[in-house]
1. Relative contact order, percent, of region 139-215 when contacts are C-alpha pairs under 8 Å separated by at least 6 residues?
2. Considering only protein heavy atoms and a 1.4 Å probe, what is the carbon-and-sulfur percentage of the accessible area of region 125-232?
3. Please work out the C-alpha center-to-center distance from region 127-184 to region 319-339 and express it in whole Å.
4. Could you sort Arg129, Arg506 by accessible area so the largest value comes first, with the probe set to 1.4 Å?
5. Which of the peptides 392-402, 303-313 is most tightly packed, and how do the rest follow, judged by the mean count of other Cβ atoms within 10 Å per residue?
6. Suppose all protein chains stay in the model; what accessible area per residue would a 1.4 Å probe give for region 362-439, in Å²?
7. For the peptides 432-442, 351-361, 379-389, what is the packing order when you average, over each peptide's residues, the other Cβ atoms within 10 Å and list the highest mean first?
8. Which of the peptides 337-349, 137-149, 271-283 is most tightly packed, and how do the rest follow, going by the mean number of other Cβ atoms within 10 Å of each residue?
Amino acid sequence: MGQGPSSISIRILNFRAATPTQLPLKLHWVAGPAASVFIDNNLAQKLDLFVIAASLTNLFQHSKVLRTECPAARKLHRSSEIDTLMRDNDDTFAINGVVQNGGSELELAEILKNSPTKYLWRIPAREARRDEICLAHTPSHYEWVRELDNKSSAELRAMTLAFDEGRKSLYVGNLTYLAALVSAGGAIESCKRVVEGQLKNAIAVIRPPGHHAEHNESMGFCIFNNVPIAAKVCMQDYPEICRKVLILDWDVHHGNGVQNIFYDDPNVLYISIHVYSDGSFYPGKGDDPDAPDGGIPMVGSGPGVGKNVNIGWHAQGMGDGEYMAAFQRIVMPIAQEFDPDLVIVSAGFDAAAGDELGGCFVSPACYSHMTHMLMSLANGKVAVCLEGGYDLTAISKSALAVTQTLMGEPPERMEIPPINHKASKDLEQVRAVQSRYWKCMRPGINLVAELLDRDAIRLSTVARGYEKGILSKKHNMITMPILRNKLNKIFEDQVLVTPQIHTAKRILILLHDP
């Protein structure tokens, strides 16, 4: 990577520009076979929507940083009247694409058949439908978001100022409704293509994010909760091949909305790695004291008990050692035991090194390794959906590492630092809590019923047998039978007595634990 903004070099097969409602991009064509697609950083951070699907490739290269003005983006900025809320700088997230134009659908099918690891295939974003959104949200919440379209700029500015307080932490503009629809639609299309097998895996670079949005309200910069909507659509539309879904959330903030939407669902396993800090780190604890938060003891309810795993760090400052340990000790064992049909990653990159708000130090290489491990699940069906992140360089580098891994490049070799001592205790607490629901969290411990079925002998029985031998040899003690119906065999040799006890006038009784 060069200095300043990041750039990604990709090959795009049969690229077709989206309509403004699908993808508000400005295409700058240059002489020769190469073309460049530019996405304005500010728009990507606040309103823009961009979806890429990755069909395993190793064609990523690093190229020179390019700068451009983006009139279409500036126009959207003006129409939403949020210029004052956005940074005015020259950072540009550039994608330099080698574009193969023309060609028939038959030629496309032949290329994808013969070279499935060569190209990145773009999935057009679309607006999510009302019925899809209402799988995860209440109709009243959908209508609240839709009504934003009918409000004046002055009303929207007033709402944004009011929402920029406390836990709500939300901004709204003229294009919020459209942006939220396309963001959710992009997540849906990415996940559906993976489930259908059209693509092995996908990454959806979408805004606004979603994992803080509750079923009945928007919060934390999230309007609709993209990942639960996509998961529910896939489970509804493909009940035979998408029955169980794993949602892995590595955003530095807890995905309260995802957790609560699936809290009692036995078919969705939600695992979140986040900073908890005893509930003081955003989103913290809600107004309802009985509502579950991001704490480690929150494991789900009803039929969904055990299907919610919170790996809540005690503080910021976590890095590669802690995240790799979380994956190796908790995430992957539980995920393998759950055996999902689809893996969706809520990929916030605010735990990345360089993100000052997140305050953690996860490297691009670590994100690559975590992605690689997840690709061993669900026959490789992994869909990554962008969530949070506050440093554009950190997001770019981390997302690039994830996408390279999705497209078949091996993860970069990395040296794993030692784990923080308190973080290790965090993981042990997670293991202890989850051991009630997952066998893999009980290393070396087997269920008694299983051992008895194998005619195994209890350790206490062995100890009593040894003790009986010594007492018999030294003091001629013998076993006194315990005359009770249906007494378990393990109670044999529980009572030892000296000979001729029936003639004794005084009896000394010793009670002890062997």
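1. Dividing the mean separation by the residue count of region 139-215 yields 25 percent.
2. 51
3. Cα centres, region 127-184 to region 319-339: 35 Å.
4. Arg506, Arg129
5. 392-402, 303-313
6. On a per-residue basis, region 362-439 sits at 44 Å².
7. In descending order of packing, they fall as 379-389, 351-361, 432-442.
8. Taking the mean over residues of other Cβ atoms within 10 Å, the ranking is 337-349, 271-283, 137-149.
The values are calculated or read from the model by the stated rules, or taken from the named source; none is laboratory data. Model, not experiment: these values are computed from the prediction. Neighbour counts run over all protein chains shown; Cβ positions are idealised from the backbone, glycine included. With ligands, DNA and RNA removed, areas are computed over all heavy atoms of the protein, side chains included. Shrake-Rupley method; radii C 1.70, N 1.55, O 1.52, S 1.80 Å.
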